[in-house]
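Right, one structure below, let's go through it.
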6 protein chains.
Amino acid sequence: MASRLDAFRAYREQMNEKILASDHLGIKRFFNLDTMAYKDGAHPGKTKELLGLVASAVLRCNDCIDYHLIQCVDAGFSDDELYDALNVGLVVGGSIVIPHLRHAYETIEVLRQEQAKG
Amino acid sequence: MASRLDAFRAYREQMNEKILASDHLGIKRFFNLDTMAYKDGAHPGKTKELLGLVASAVLRCNDCIDYHLIQCVDAGFSDDELYDALNVGLVVGGSIVIPHLRHAYETIEVLRQEQAKG
Amino acid sequence: MASRLDAFRAYREQMNEKILASDHLGIKRFFNLDTMAYKDGAHPGKTKELLGLVASAVLRCNDCIDYHLIQCVDAGFSDDELYDALNVGLVVGGSIVIPHLRHAYETIEVLRQEQAKG
Amino acid sequence: MASRLDAFRAYREQMNEKILASDHLGIKRFFNLDTMAYKDGAHPGKTKELLGLVASAVLRCNDCIDYHLIQCVDAGFSDDELYDALNVGLVVGGSIVIPHLRHAYETIEVLRQEQAKG
Amino acid sequence: MASRLDAFRAYREQMNEKILASDHLGIKRFFNLDTMAYKDGAHPGKTKELLGLVASAVLRCNDCIDYHLIQCVDAGFSDDELYDALNVGLVVGGSIVIPHLRHAYETIEVLRQEQAKG
Amino acid sequence: MASRLDAFRAYREQMNEKILASDHLGIKRFFNLDTMAYKDGAHPGKTKELLGLVASAVLRCNDCIDYHLIQCVDAGFSDDELYDALNVGLVVGGSIVIPHLRHAYETIEVLRQEQAKG
């Protein structure tokens, strides 16, 4: 199960490098802007990762959910805080979000196992 | 301009009453669940209103944006905090969100005028 | 209130004529295919109008909701049957559907007033 | 091929259990509401499974399509009835639905093989 | 009818100014990136306006459709070229795009009237 | 890596045959209409494949992206032209498009390898 997240991390890093190497100025700036959006600002970065998680849930993108869950767990959110945020995504986005809720729960489980291993 | 929000509030209240009066158990329970999702839980209600705002922005629903902005202003968020949350919605959702960003800025302006009047 | 639906019907008819007059073969065929999809087939047209209604609700298109509600009322569905179908749309699509549920309830009300007048 | 559906059923059941065990009241109630929406009401449950199928098709969620196809086949719909409902989804949702139509056809094929085996 | 587009242009300009004046660095950069995406690059800007139009059509945003139609007419596309591009949007996005097709045809009509007046 | 595209081509062809063999007149006509939309018209087919690519990117459908990339590479677009079109999709659709951008870059790489092999 841990391999799913590891594969995602490796693929994401490898393809991001290729995308940035393709040297399209607009795309490179977009990637910068995306990173910048989750830095401390009027809200701490931690809060904005949670916003990114719920946005990813209602837009139903598993890769985006995984990315923001990694950041959210790293930022110190508890399981109950993650579930409570995902519940907002579920109510706003409806039952069509449920398959992504399953995915999110599985990812959280893997991330906690990784933490336990240190 | 204030009339746009007042009209929204009046229409929303009137139609919600009619919907609940139609006595469909599933719909009534959904409305309860929706209300409950923004009550204090693992996160304070205030944080979850912000999650609802960003979810509404990326799903591009002006009425939902207005509703959550009313709640967010009521909960005490500053303009800069609202803009910083909306920026997450803009980056996640792209330029297709911009018309709704315009709408959101206008709504914030109206809400501050209402506050100024007391 | 009746004027909202009348305006929709007039605008829809007028613009559809202009679209068909623009003589793009692909667009004309699409319009035929769209009409054909709701004719009696393996399911009666009546059932398929209900499918069109729920599809329109979860995709959150008020004009499409109005069009299919007109057809559904014409086909003889009761209010409770319309509400029960819309509830499926609400559960599948989430609270982001609620503004369109308000719109749908208002449209149903107008359509019943039109029926009462004969 | 049958293994795809079996894997889906097993994963769905396992993760639903974990989600319900996480004990978030809002999420649990949402799951109840979701189940309730397809019970006999103003429409028989069978009709509402078909509504769920088309909603899933236009929202382009393969897991949701599979779930509702399982229910629809169980409820006794013929292949032609399923295709005719999916056609409404195709016309409403456009060619972007086609990959999900392929998925749906494959699922129907597997479900009929399961029926043949008894 | 011309007033609809004039009102859109005025509102768009006024709110964009307010948004940029709110001085959120991320939002300002996003607006720059958005402008930059339609400048001559590997494709001429004219081609990219057409891409923006079809993207706006399938995402069903009338304001975005209007904005790109203004640019497309300015760039010299004929009516038939606009219809042929919109047809791609219709086939990809399905009948749910039709209300936006009506809107687009009306906008094209207004833009041609503006051109005729000089 | 080439196997991903080969598997997609084989599955697509096999399922399209089954769909057309199921003999639903509406579905068959939709498939024709879909093919027709990318034939030379007011725009050359090549331009319309690019429109299809960007529409697929903002609607976030990997299979549709792959299909249009195959056509686009076949029609002679350079990598820089594909990246510049995808950038429009990224700006319009936001960071939620990024996982599909990764997928698209990988597909382009595979297609160039296939070309190199002849």
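Between copies, the label points at residue C:117 (set 7 angstrom from Cα along Cα-to-Cβ) are spaced 3.4, 3.4, 6.1, 6.9, 7.0 nm, reported in nanometres from shortest to longest. Across chain B, the mean sequence separation of Cα contacts (distance under 8 Å, 6 or more residues apart), normalised by length, yields a relative contact order of 28 percent.
Counting, for every residue in F:104-112, the Cβ atoms of other protein chains within 10 Å of its Cβ and taking the mean gives 2. For a straight C-alpha distance cut-off of 17 angstrom, the lysines reachable from residue C:48 (same-chain residues fewer than eight places away being disregarded) are C:39, D:46, D:48.
With respect to chain E, whose longest principal axis is taken over its alpha-carbon atoms, helix E:98-117 is tilted by about 80°. Here the ratio of the Cα radius of gyration of chain A to 2.2 N^0.38 Å is 1.10.
Here the Gaussian network model covers chain A, with springs between Cα atoms less than 10 Å apart; of A:107, A:47, A:35, A:35 fluctuates the most. Counting only DSSP H runs of at least 4 residues, each contributing -39500 (n - 2.57), and dividing by the residue count of chain F, the helix-based mean residue ellipticity at 222 nm comes to -26500 deg cm²/dmol.
Taking Cα centre as origin and charging only the Cβ of basic (Lys, Arg, +1) and acidic (Asp, Glu, -1) residues, the dipole magnitude of chain E rounds to 320 debye. Each other residue within a Cβ distance under 10 Å of residue A:79 adds +1 if Lys or Arg and -1 if Asp or Glu, for a net charge of -3. Mind giving me the FRET efficiency for residue B:22 and residue B:46? R0 is 41 Å, r the Cβ-Cβ distance, nearest 0.05 is fine. Calculated value: 0.80. Between rounded, prolate and oblate, where does the protein assembly as shown land on the alpha carbon gyration tensor, with a ≥ b ≥ c its root eigenvalues, rounded for a/c under 1.5, else prolate if a/b exceeds b/c? Here the protein assembly as shown falls in the rounded category. Note on residue E:117/residue E:32: beta-carbon distance plugged into 1/(1 + (r/R0)^6) with R0 of 35 Å gives a FRET efficiency of 0.60.
Here the contact order of the range F:44-98, divided by its residue count and restricted to Cα pairs under 8 Å and six or more residues apart, works out to 44 percent.
With the radius of gyration and the Kirkwood radius both derived from the Cα set of the range B:50-118, what is their ratio Rg to Rh? Reported Rg/Rh, Kirkwood definition of Rh: 0.95.
For chain B, set up a GNM with springs between Cα atoms under 10 Å and report which of B:41, B:52, B:89 has the largest fluctuation. Result: B:41 has the largest fluctuation of those listed.
On association of chains A and D, roughly 1700 Å² of accessible area becomes buried (total for both chains; probe 1.4 Å). Within the listed set A:49, A:106, A:17, the Gaussian network model of chain A (springs between alpha-carbon atoms below 10 Å) gives the highest mean-square fluctuation for A:17. Toward the positive end of the charge dipole of chain C, with +1 on the Cβ of Lys and Arg and -1 on the Cβ of Asp and Glu, the farthest Cα among C:25, C:87, C:45 is that of C:25. Compute the FRET efficiency between residue B:75 and residue C:13 as 1/(1 + (r/R0)^6), taking r as their Cβ-Cβ distance and R0 = 51 Å, and round to the nearest 0.05. For residue B:75 and residue C:13, the calculated efficiency is 0.65.
By the Cβ distance rule of under 4.7 Å, chain E has these cysteines without a partner: E:72. Placing +1 on the Cβ of every Lys and Arg and -1 on the Cβ of every Asp and Glu, with no other charges, gives the protein assembly as shown a dipole of roughly 0 debye about its Cα centre. Chain E residue nearest the axis that carries E onto D, by Cβ, with distance in whole Å, is E:94, 1. For the segment D:58-70, counting C-beta atoms of other chains within 10 Å of every residue's C-beta and taking the mean gives 4. Check cross-link reach from residue B:117 to the lysines: straight Cα distance under 23 Å, and skip same-chain residues fewer than eight apart. Partners found: E:18.
Placing +1 on each Lys and Arg Cβ and -1 on each Asp and Glu Cβ, with no other charges, gives the range E:52-91 a dipole about its Cα centre of roughly 220 debye.
The values are calculated or read from the model by the stated rules, or taken from the named source; none is laboratory data. Quantities reported herein were computed from a predicted structural model and do not represent experimental measurements. Virtual Cβ from ideal backbone geometry, glycine too; neighbours counted across all protein chains shown. Just so you know, the surface numbers come from the protein's heavy atoms only, side chains and all, with ligands and any DNA or RNA stripped out. Shrake-Rupley method; radii C 1.70, N 1.55, O 1.52, S 1.80 Å.
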